[in-house]
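One structure is given below, encoded as structure tokens.
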Amino acid sequence: TPLLSVRGLRVRYRNAGRPFEAVAGLDLTVHAGETLGLVGESGCGKSTVARAVARIEDDVSGAIVFDGQDVTRARGRALKPYRRRVGMVFQDPIASLNPRRTVRDIIATPLTLAGKGDPAEVRARVGELAELVGLHPSMLERRPHEMSGGQCQRVSIARALACLPELLLCDEVVSALDVSIQAQVLNLLMDIRERQRLAMLFISHDLAVVRQLSDRVAVMYLGMLCEDAPVDELFGRP
Ligand code: ADP
Ligand code: ADP
């Protein structure tokens, strides 16, 4: 079984009272350890797919199946294992971190939510995660606004990895960063992916970035896929 299988996904919004299908019947498959890139121009529906898979967008039809379990309509307790096994990182590093909390608390959030509450263990695990993503221990006592965008994105990545997920969902994770910092964050993600045999759904409007780290690439256009192929087939060998 694939790790993630999205079948016939549809997401509808109302724009000025009129129904509008932002995702109009989309199929995606991600296997264990594999990186699927999802590209397409702005507005084609990539983030809507990310929010649906993240189970933030609720008004969807079709099926989102993770490791054989249909999570499309799972709620509350039933969603907990999925939240542990899928880590998420989004575009805006500062907006996705609670400004009132320290980096230490932010990274610990999924551990606390998963009920792994022993303070000494959490402290040790947060220390490991900070090291994994290249954050100096002194950063753990800071708050998001006291850090750069790249550092905040490292915090988001550490939080996403806290429960040793099998899939990392990345939506435009470097788009808001300076180009020089983009490369650092991408290298970090590739390094972690190799070490932890992590699968990724990597969403970006930037073809060059997607090409660099994907095994397969799916191309979206107006809410649908127009291409899904191994990266070598789409781009030729580097
Ligand atoms: P992308 O990530 O590819 O830029 P999005 O998924 O953000 O695309 O948006 C897809 C389409 O859905 C766009 O036309 C966008 O304007 C529209 N859209 C996104 N979010 C909403 C919303 N909450 N309400 C209404 N329309 C939305
Ligand atoms: P607060 O917002 O007060 O810090 P919440 O419990 O509302 O506390 O925060 C939960 C946060 O943790 C959410 O913003 C969510 O993005 C993040 N989170 C929880 N589980 C994961 C995960 N598996 N991957 C990434 N982020 C996660």
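What does the net charge come to around Y221 if you take all other residues with beta carbon closer than 9 Å to its beta carbon, with K and R at +1 and D and E at -1? Net charge in that neighbourhood comes out at -2. With θ taken as phi - 60° and the Karplus curve 6.51 cos²θ - 1.76 cosθ + 1.60 applied, the whole-hertz 3J(HN,Hα) list for the range 201-207 is 10, 10, 9, 7, 7, 9, 4 Hz, x standing for glycine and proline.
Excluding V89 itself, calculate the net charge of residues whose Cβ lies under 11 Å from the Cβ of V89, where each Lys or Arg counts +1 and each Asp or Glu counts -1. After counting each charged neighbour, the total is -1.
The trypsin sites (Lys or Arg not before Pro) of the range 133-229 meeting both criteria, a DSSP state outside H, G, I, E and B (loop) and at most 13 other C-beta atoms within 10 angstrom of the site's C-beta, are R197.
Taking the accessible area of the chain, probe 1.4 Å, and keeping the other protein chains in place, the carbon and sulfur fraction comes to 50%.
Scanning residues 5 or more positions from L3 or on other chains, those with amide H under 5 Å from its amide H are V30, H31, A32, with H placed 1.01 Å from N in the peptide plane. Helix 149-161 and the longest principal axis of the C-alpha atoms of the chain enclose an angle of approximately 80°.
Note: relative contact order over the chain, using C-alpha pairs below 8 Å and six or more positions apart, is 29 percent. Among the GluC sites (Glu not before Pro) within the range 1-89, those in coil by DSSP and having at most 14 neighbouring Cβ atoms inside 10 Å are E41. Around the amide H of C44, modelled in the peptide plane, lies no amide H under 5 Å away from a residue 5 or more places distant or on another chain. Shape analysis of the range 1-84 places it in the oblate category; the axes a ≥ b ≥ c from the Cα gyration tensor give an a/c of at least 1.5, with a/b not above b/c. For the chain, the antiparallel share of DSSP beta bridges with both residues in that region comes to about 60%. Accessible surface computed residue by residue for the chain, with neighbouring protein chains in place and a 1.4 Å probe, gives 49 Å² per residue.
Going by the alpha-carbon gyration tensor, a ≥ b ≥ c the square roots of its eigenvalues, is the range 127-197 rounded (a/c under 1.5) or, if a/c is not under 1.5, prolate (a/b greater than b/c) versus oblate? Oblate, since a/c reaches 1.5 and b/c is not below a/b.
If R0 equals 25 Å, the separation of the Cβ atoms of E128 and D206 corresponds to a calculated FRET efficiency of about 0.25.
If the segment from E41 to R18 were pulled out straight at 0.36 nm per residue, it would be longer than the present Cα-Cα gap by 6.0 nm.
The values are calculated or read from the model by the stated rules, or taken from the named source; none is laboratory data. Computed from a predicted structure; not experimentally measured. Please note: Cβ atoms are built from the backbone with ideal geometry, for glycine as well, and neighbour counts cover all protein chains shown. To get the accessible areas, we keep the full protein, side chains included, count just its heavy atoms, and leave off ligands, DNA and RNA. Shrake-Rupley method; radii C 1.70, N 1.55, O 1.52, S 1.80 Å.
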